[in-house]
Amino acid sequence: MRSDIGSGAFNGSARQFKPFMNQRIVIAIAALLLGALPLRAQVPHLLNYQGRVTVGGTNFEGTGQFKFALVNSTGSTNYWSNDGSVAGQPVSGVSLAVTRGLYSVLLGDTTLAGMPTSVPPLAFINPDVRLRVWFNDGASGFQLLLPDQRIAAVGYALVAANVDPAADVQGQRLVIGTNHLVSGANSTIAGGYLNAATNSAASVGGGIANIAGGSGSVVGGGLTNTSTGLAATTAGGQWNWASGQASTVGGGYGNVASGVEATIAGGEFNGATGIVSTVGGGYGNLATGYASTIPGGYANLAGGQFSFAAGAGAVATNDGAFVWADASNTNAVRSTVNNQFVARAAGGVRFLANPAGTVGVQLAAGANAWSATSDRNLKENFKPVDSRAVLARLVATPVTEWNLVSQDPSIRHVGPMAQDFKAAFGVGEDDRHISSTDADGVAFAAIQGLHEMVREKDARIADLEARLGSLEASMRKLSQMQLQGGDAIPRSK
């Protein structure tokens, strides 16, 4: 039989013995020991033991009597027993229910009769601890079950509950691994090779040739990483450097976080020199402004305070500027004034205003004006428009010249007020905005109304011109008759 204990294992085998009643008993045991968390206040002094018992080849059924002891390799010393006996077989037994040959017990459970003592953690300071079991089926008396079962790693976790950092850990520095330099007070190197912790409370978790040179600084691992800032952290990667106070480099290659509380998550050859600046990743990015951000990309610069640069070649050197540069070419896209939004998207720009993504506006590739969604299939509830009435309302709508209060008074505009437009035509979402769709629609309808009026006037003009032409023809004929007939035409005296 085989049973695993944590990361180790032990084997138990069937044993035969003849008690004084000459009854043959065959007993087979399998045990499982489950440990607990290595936290002092959370480690119960209990070991979970499970076994199987057969008598005469048949699974035992009923209540059996058991005795337990943790002993050394020869069984000459008791580290613990169920009733506290310091040597040999315990005096008292423990009654356990056995079902189909299976039973279980928490060793050290003081709520059980016959088990007044818990398992002492210090039992596992010994290198070889074994569990010894005696069993009584009620007829044959207590019999020693052989062999003793060696306890593997999990039982030794109980030792952690008994460690007092003040009393038991006397050194001021911890060094694990080889060829390290640990010169800072209370500094630690947990593993690796050629690492250095040179300032107070500095730590290197592992890796090769890493340096934690700042007070309270940390290098998690990796290769040739350096943390020199106060409480700076380099988690891993290679050739990274966290030199700013409380700065962080998560990983990557050749990154430098020199600003106070600056952060570089990863990538390659990135720099975060501004206070609380951030670079998420990418290649060759530099965040120099206060609270500036580069999420990633290539060769971006966020130099203004609270600036944002992303894509490839975005340069946000103004405060509060947001710059996005696509990858259409290698030319930089730059901000020009503070609090500006700049974007280059050679493939066009779309803003979608519904969940289905079917309605919105777009700036087509190479275009200089927005196009609004106007697909017939996306419209409904059509009504005819009285174009002449629209024209009349448009004529009655005041159109003035003005400036926006948010702009310099010298910047002038011409147009109606949204309130007047809403009152005249009743379209749009509210009376504070004029949609270009509605403005265009009103203009189209008014043009059509004007066109109808012009056509009517053209028809009237054509009729009048025809009548005038006929009259002129009659006058010419009359004049010719006068010239030809002389006095034939009566004249008034």
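Just so you know, all these numbers are worked out from the coordinates, no wet-lab data involved. Predicted model, so just to flag it, every value in this text is computed and none were measured. Virtual Cβ from ideal backbone geometry, glycine too; neighbours counted across all protein chains shown.
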| message | Explain nothing, just compute: Karplus ³J(HN,Hα) = 6.51 cos²θ - 1.76 cosθ + 1.60, θ = phi - 60°, for every residue of the range 437-452 in order, whole Hz, x for Gly and Pro. | response | 4, 6, 4, 5, x, 4, 5, 4, 5, 5, 5, 5, x, 5, 4, 4
| remark: Counting only residues 5 or more apart in sequence or on a different chain, those whose built amide H sits under 5 Å from that of L181 are N195, A196, A197
| query | Using the reciprocal of the averaged 1/r over all distinct C-alpha pairs, how large is the Kirkwood radius of the range 283-409 in Å? | reply | 18.1
| note | Here the Kirkwood hydrodynamic radius of the range 69-141, Cα-based and in Å, equals 13.1
| query | What are the ³J(HN,Hα) values, in whole Hz, obtained from phi via the Karplus relation 6.51 cos²θ - 1.76 cosθ + 1.60 with θ = phi - 60°, for each residue of the range 264-277 in sequence order, with x given for Gly and Pro? | reply | 10, 6, x, x, 9, 6, 9, x, 10, 9, x, 4, 6, 7
| request: Scan around V342 for amide H atoms under 5 Å from its own, H built in the peptide plane at 1.01 Å from N, and keep only partners 5 or more places away or cross-chain. | output: F322, V323, W324
| field | Dimensionless Rg ratio for the range 383-486, taking C-alpha atoms and the 2.2 N^0.38 Å reference | value | 1.93
| said: Just to be sure I understand: if I project the alpha-carbon convex hull of the range 334-386 onto a plane and average over all orientations, what area do I get in nm²? | reply: 6.7
| field | Overall Cα dimensions of the range 310-369 - principal axes, largest extent first, Å | value | 36, 25, 20
| If we count other beta carbons within 10 Å of each Cβ, what is the order of H451, H45, fewest first? | H451, H45
| Most exposed first by the Cβ proxy, i.e. fewest other Cβ within 10 Å, how do F306, F68, F382, F425 rank? | F382, F306, F425, F68
| message | At a 10 Å Cβ-Cβ cut-off, how would you order M115, M453, M417, M475, fewest neighbours first? | response | M475, M453, M417, M115
| remark: Over all viewing directions the Cα convex hull of the range 180-270 casts an average projected area in nm² of 4.0
